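Working notes for the structure below.
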Amino acid sequence: MTVSYKELGFINTQEMFAKAMKEGFAVPAYNFNNMEQLQAIITACFESRSPVILQVSKGARDYANATLLCWMGRGAIEMMKEMGAPVPVALHLDHGDSFEICQSCIDSGFSSVMIDGSHLPYEENIALTKKVVEYAHARGVSVEGELGVLAGIEDEVSAEHHTYTDPAQVEDFVKRTGVDSLAISIGTSHGAYKFKVKPGESVPPLRFDILEEVSKRLPGFPIVLHGASSVDQKAVETINKYGGKLENAVGVPAEQLRKAAKSAVCKINVDSDGRLVMTAAIRKVFAEKPSEFDPRKYLGPARADLIKMYKEKNESVFGSAGRY
Ligand code: G3H
Ligand code: 13P
Ligand code: ZN
């Protein structure tokens, strides 16, 4: 059955990004794969009065079932209506790698999709992205494209080195595809190991020069940053203290994200930070209360820590709190 996102209460990202651009903040885009993550994202964004983009990856669809995830998103909207004064929510496909997956999400009520043709030759990226844009725009759905390749792992695709976005390509890409936002590569990467630094060493700065050049060429156009987890060192320490083994896990410093959020960056993607906080809380319960076996007793504390983390990000990193 085909259903439009408008009937479900989601909004597309154009309106969110126009406000973010005008007011100098970034909309958080948080991934979810299960109920506790979704509850935490919705509760945190509702309480901090922040718009939010709920992200579903291909991996999440394979893990949790595409239909169920979509209905969970719809449930989140209904839950917020009951709480009163809902904040704007977009349901977004993260790293769509084919026209078919984008079409399936659009038909099942997603308000936004990413078509990630960044690994393809330039002209193929344009052709695929344009095809998705035509289908999406006919239904009011927003489309995010990508130029440049992040180092690290994206679903099944992995790249050892960054291929930074070439600013000379962005105008042509946006004009010929019609995308509503563009993900660029300026030194972030997916996962918990973003930079190769020794303990105590500071991480190299992101390539703000590329971001500036891109925004000069695309004035007022929404830019997206992937791979933007900060890899909270307290979460890493807790994981390691309670039997985990994460060595030299480092992320993007909050100050750099804050700087990006005040510029043309309108959407910032975070997944790994949620995974780390959740794992830390669960490991702690398992270590301190070994007789506990009710999932609510370890998923509950994990959810509470997630809410805290998302609220902190909305308030002091992305600047999205208090906007609605
Ligand atoms: O960019 C990748 C996201 O963190 C999603 O990760 O494909 O493991 O669900 P996943
Ligand atoms: P992180 O791995 O840094 O959380 O990035 C998530 C992301 O970009 C999802 O698309
Ligand atoms: Zn990503």
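None of the figures in this text is laboratory data; all of them are computed from the coordinates on show. What you see is a predicted model; the values in this text were computed from it and never measured. Counting neighbours? That spans all protein chains shown, and the Cβs are built from the backbone with ideal geometry, glycine included.
Taking H as built 1.01 Å from N, whose amide H comes closer than 5 Å to the amide H of residue 113, not counting residues under 5 places away?
93, 142, 143, 144
Take each of the peptides 205-214, 136-145, average the number of other beta-carbon atoms within 10 Å over its residues, and list them starting from the highest.
136-145, 205-214
If I stretch the segment between residue 64 and residue 172 completely, what's the gain in nm (0.36 nm per residue apart, minus their alpha carbon distance), one decimal?
Stretched out fully, the residue 64 to residue 172 stretch lengthens by 35.1 nm.
What are the ³J(HN,Hα) couplings of region 61-74, residue after residue, when phi is run through the Karplus curve with 6.51, -1.76, 1.60 and θ = phi - 60°? Round to Hz, x for glycine and proline.
With the stated coefficients, region 61-74 comes to 5, 5, 6, 9, 5, 4, 5, 4, 4, 5, 5, 5, x, 5 Hz.
Non-local amide H neighbours of residue 267 (under 5 Å, H modeled in plane, Pro and chain starts lacking H): which ones?
Distant-sequence amide H within range of residue 267: 27, 223, 225.
Taking a point 7 angstrom from the Cα of residue 259 along the C-beta vector, which residues in region 188-204 have backbone N less than 19 Å away?
Residues passing the 19 Å test: 188-189, 194-197, 201-204.
If I model a spin label at residue 77 and residue 212 as a point 7 Å from the Cα along the Cα→Cβ vector, what separation in nanometres do I get?
4.2 nm
Sort 265-274, 60-69 by packing, meaning the average of other beta carbons within 10 Å per residue, with the highest value first. All intermediate terms of the calculation are to be shown ahead of the outcome.
Details: 265-274: 25.4, 60-69: 15.3.
Ranking, from highest mean packing down: 265-274, 60-69.
Based on DSSP H runs of at least 4 residues, each adding -39500 (n - 2.57), what is the mean residue ellipticity at 222 nm of the chain after dividing by all its residues, to the nearest 500 deg cm²/dmol? If you can, show how the numbers build up before the last one.
On the way: 13 runs with 151 residues, N = 324.
Computed ellipticity for the chain at 222 nm equals -14500 deg cm²/dmol.
How many angstrom lie between the C-alpha centres of region 290-323 and region 160-175?
Value for the Cα centre distance between the two parts: 35 Å.
Taking a quarter of the surface of the convex hull around the Cα atoms of region 1-94, what do you get in nm²?
The orientation-averaged projected area of the Cα hull of region 1-94 comes to 6.1 nm².
Using each residue's phi in region 282-289, evaluate 6.51 cos²θ - 1.76 cosθ + 1.60 at θ = phi - 60° and report the 3J(HN,Hα) Karplus result to the nearest Hz, with x for Gly and Pro.
Per-residue couplings from phi come out as 5, 4, 5, 4, 4, 6, 7, 10 Hz.
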